[in-house]
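Take a look at the structure set out below.
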Amino acid sequence: MFDDVEPVVRLNGIWKSFGKKNVLKNLNLTVRENEVLGLLGPNGAGKTTLMRIIARYLLPDAGTLNFRKDQFLTESSHNVVGYLPEKAPLFDTFTVERYVRLVAVLKAVPQDLVTEKVGEVLNAFDLRHVSRNVISKLSKGYRQRVGLAQAFLGDSALLILDEPMSGLDPFQLADVRDMILEAANKRAILFSTHVVQEIEMLCNRSVFLKDGVLLEVSGEADDSALIEVCVGVPDIDHLKSLINAASGECIMESKSIGGDKYKLRLQISSAQKPEMSKLLANNGKLMSFREANLDLEARLTSLREKAP
Amino acid sequence: MRNFIALYFRELENYFVTPIGYAILGSFWLANGFFFSFNTLFISAVDMVNAFHNMSILLLLMVPLMTMRSFPEEYKQGTYELLVSLGVRSWVMVMSKFCALLTLLFFMFLGSAVSVIVLVTFSEPDLGPIVGGYFGVTSLGAVFIAIGLLIAVFSSNQIVAAVVTWIALLALWFLDYSTALVNSKFLSEVIIHLSLSVAYLDLIRGVIDLSVMTYFFSLIGFCLLAASTVLELRK
């Protein structure tokens, strides 16, 4: 179903080694427009190295990296990537606003749009009230938000987020999930995480990386998924009508689990998952959102056994 | 160019939004003022030769402290990774830091110019050697900074960067001592020419020797180019 969608970045036969250790082995991967691609894998699997190569922090030893129809390895390509490394890259002595402004300049945001674009991300990540605070004085969660703000800044066609949810409190988590889903309307997103639920809630497709080898876990192959949802909502009928309006008659089961909390089973396509989780989060308190027919965690466990 | 300007001002700002810049300037001015007062009041010297000598020694001690943060701090904070992903070229990073440190050096010397005002007010010093001397010690400071930056790109630890820079500067300073171990006259002459403690003797008297300047600017160029190349190779 994605075959007709233009790839934002395509990696072919990527190899990368550090010393004698091959970290990535003949890796092929495509990230497409408007796709949220989850990257899973155990520690040391090569996820960060892969992201660093796409962000052009590292160069591959062999293989090609193509951005849209052009070679990715050109200077102009940098402006189309928003990158949040594993540790938020912050200039500690700067204020939040000064830092984001500097990144805007380095991202070649036109001079007359800098204030507007900076304002947009400060508002989006609820940083306006700390915009004059020095970054070194911020809590871990706020630092992560500033890191996310710099990554989302501008009109990057591809967002690379290395464990973007780490250090965020539950409220911030929900906000960032919404931001990622909203961003996916106009950009491609590649993000790594150790939390399987995040993949289930956000991704159209996920890939599993182990010992430098990439294995696809979900995507085009499982076009249909049975999703189990726990949601808190005062008017379940209204929510059901919204779900049906968005995805047709997809509610397979609905039952109350006490108070205004409900468990729903939805039969939807993989591509509809991000939109559905956004709809549920916007219209109720989304407590869980996971595949019921094929448990991703179970699949990952089996892949871990099989992978070389 | 836009990236260079943005990073140059970021570097400068970094010195002056923290106490680092003020500590460097304050301690340099204080030490310089003390030595100048001592020379004028107790030795009755009405030139800047001793002052330039003292400035050179102070730079030898202080430049490693100025350059040690440059790249190790970027590596530690992860901002180097950000800058590379944003397409900032290695030479832009190196030159922005070099120029910001030169600017700091300029302010250090600007404060020391109070000594010149005192000299001009109370005596009739020859201004030619003074101007030449300032040019000389600025060149010497630029050499120290370039060496410090080259060493800093290798290290992710500030202390290691500072200590190795001190060792490198002292080695270059006292290079002429090694002629005692060399039999070849030609080699001895080359070593003496490369020794910073020999080269600076003319500079502090305001004598601008073309061969010394060529050596200094070659050394600066080599160090900055090598630093950029090392950054490229990190990929």
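The values are calculated or read from the model by the stated rules, or taken from the named source; none is laboratory data. Keep in mind that what you see is a predicted model, and the values were worked out from it rather than measured. Here the Cβ is made from the backbone with ideal geometry for all residues, glycine too, and neighbour counts use every protein chain on show. Ligands, DNA and RNA are stripped out before the accessible areas are found, and what is left, the full protein with its side chains, is counted by its heavy atoms. Shrake-Rupley method; radii C 1.70, N 1.55, O 1.52, S 1.80 Å.
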Inset, instruction - Would you check if A:Ser218 is open to solvent by 40 Å² or more (accessible area, probe 1.4 Å) and either modelled with pLDDT of 75 or more or not aromatic (Phe, Trp, Tyr) (or both)? - result: no
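Give me the residue from the range A:157-215 that is of a type in the set (D, E, K, R) and under 14 Å from A:Gln144 (Cα atoms) and, out of that set, surrounded by the most Cβ atoms within 10 Å (Cβ to Cβ).
The initial filter retains those residues of the range A:157-215 that are of a type in the set (D, E, K, R), namely A:162-163, A:169, A:175, A:177-178, A:182, A:186-187, A:198, A:200, A:205, A:210-211.
Remaining after also requiring under 14 Å from A:Gln144 (Cα atoms): A:162-163, A:169, A:175, A:177.
On the way: A:Asp162: 24, A:Glu163: 21, A:Asp169: 11, A:Asp175: 18, A:Arg177: 22.
Taking the candidates together, the pick is A:Asp162.
Being open to solvent by 10 Å² or more (accessible area, probe 1.4 Å) and farther than 17 Å from B:Val116 by Cβ is true for just one of B:Phe9, B:Phe38. Which residue is that?
Details: B:Phe38 fails: farther than 17 Å from B:Val116 by Cβ.
Of the residues listed, the single one that is open to solvent by 10 Å² or more (accessible area, probe 1.4 Å) and farther than 17 Å from B:Val116 by Cβ is B:Phe9.
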Legend entry - Residue list for the range B:15-35, filter: facing chain A (nearest Cβ under 10 Å), open to solvent by 20 Å² or more (accessible area, probe 1.4 Å) and in a helix (DSSP H, G or I): B:Phe16, B:Ile20
Inset, instruction - Output the number of the condition that A:Leu122 fails; it satisfies all remaining conditions of (1) assigned to a helix (DSSP H, G or I); (2) facing chain B (nearest Cβ under 8 Å); (3) closer than 20 Å to A:Lys140 by Cβ. - result: (2)
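Among what's in the range B:61-79 and is part of a loop (DSSP other than H, G, I, E, B) and within 14 Å of chain A (Cβ to nearest Cβ), pick the residue that is surrounded by the fewest Cβ atoms within 10 Å (Cβ to Cβ). Let's see the steps before the verdict.
Looking only at the range B:61-79, we keep the residues that are part of a loop (DSSP other than H, G, I, E, B), and these are B:68-69, B:78.
Add one more test, that the residue is within 14 Å of chain A (Cβ to nearest Cβ), and what stays is B:69, B:78.
Numbers: B:Arg69: 20, B:Gly78: 17.
That would be B:Gly78.
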Inset, instruction - Answer yes if at least one residue in the range B:157-165 is under 26 Å from B:Met68 (Cβ atoms), touching a residue at least 40 places away in the same chain (Cβ under 8 Å) and not in a helix (DSSP H, G or I), and no otherwise. - result: yes
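Tally up the residues in the range A:129-150 that are loosely packed, with under 14 Cβ neighbours inside 10 Å and either closer than 17 Å to A:Val81 by Cα or at pLDDT 90 or above (or both), please. Even if it seems obvious, please write down each step before you answer.
So the first thing to find is which residues in the range A:129-150 are loosely packed, with under 14 Cβ neighbours inside 10 Å, and the list is A:129, A:132, A:136-137, A:139-140.
Filter once more, so that each one left must be either closer than 17 Å to A:Val81 by Cα or at pLDDT 90 or above (or both): A:129, A:132, A:136-137.
Of the residues in that region, 4 qualify.
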Inset, instruction - Report whether or not A:Asn26 is at pLDDT 85 or above and either in contact with a strand residue (DSSP E or B) (Cβ under 9 Å, 6 or more places away or on another chain) or of a type in the set (Lys, Arg) (or both). - result: yes
Legend entry - Selection within the range A:125-167 - within 13 Å of another protein chain (Cβ to nearest Cβ) and over 20 Å from B:Gln77 (Cβ atoms): A:Arg132, A:Gly154, A:Ser156, A:Leu158, A:Leu159
Inset, instruction - Taking only the range B:85-102 into account, find how many residues are farther than 18 Å from B:Ala23 by Cα, within 14 Å of chain A (Cβ to nearest Cβ) and either among the aromatic types (Phe, Trp, Tyr) or assigned to a helix (DSSP H, G or I) (or both). - result: 7
Legend entry - Single unsatisfied condition, A:Asp126 versus (1) at pLDDT 90 or above; (2) closer than 30 Å to B:Val17 by Cα: (1)
Legend entry - Among (1) open to solvent by 30 Å² or more (accessible area, probe 1.4 Å); (2) within 17 Å of the chain's Cα centre (by Cα) - the single one A:Lys261 does not satisfy: (2)
Legend entry - From the options A:Leu65, A:Leu113, residue that is open to solvent by less than 10 Å² (accessible area, probe 1.4 Å) and at pLDDT below 90: A:Leu65
Inset, instruction - Can you tell me which residue within the range B:177-211, out of those that are in contact (Cβ under 8 Å) with a residue 60 or more places away in the chain and assigned to a helix (DSSP H, G or I), is most open to solvent (accessible area, probe 1.4 Å)? - result: B:Asp202
Inset, instruction - Pick out the one residue from B:Leu110, B:Leu58, B:Leu82, B:Leu105 that is closer than 24 Å to B:Leu225 by Cα, more than 14 Å from chain A (Cβ to nearest Cβ), at pLDDT 90 or above and part of a helix (DSSP H, G or I). - result: B:Leu105
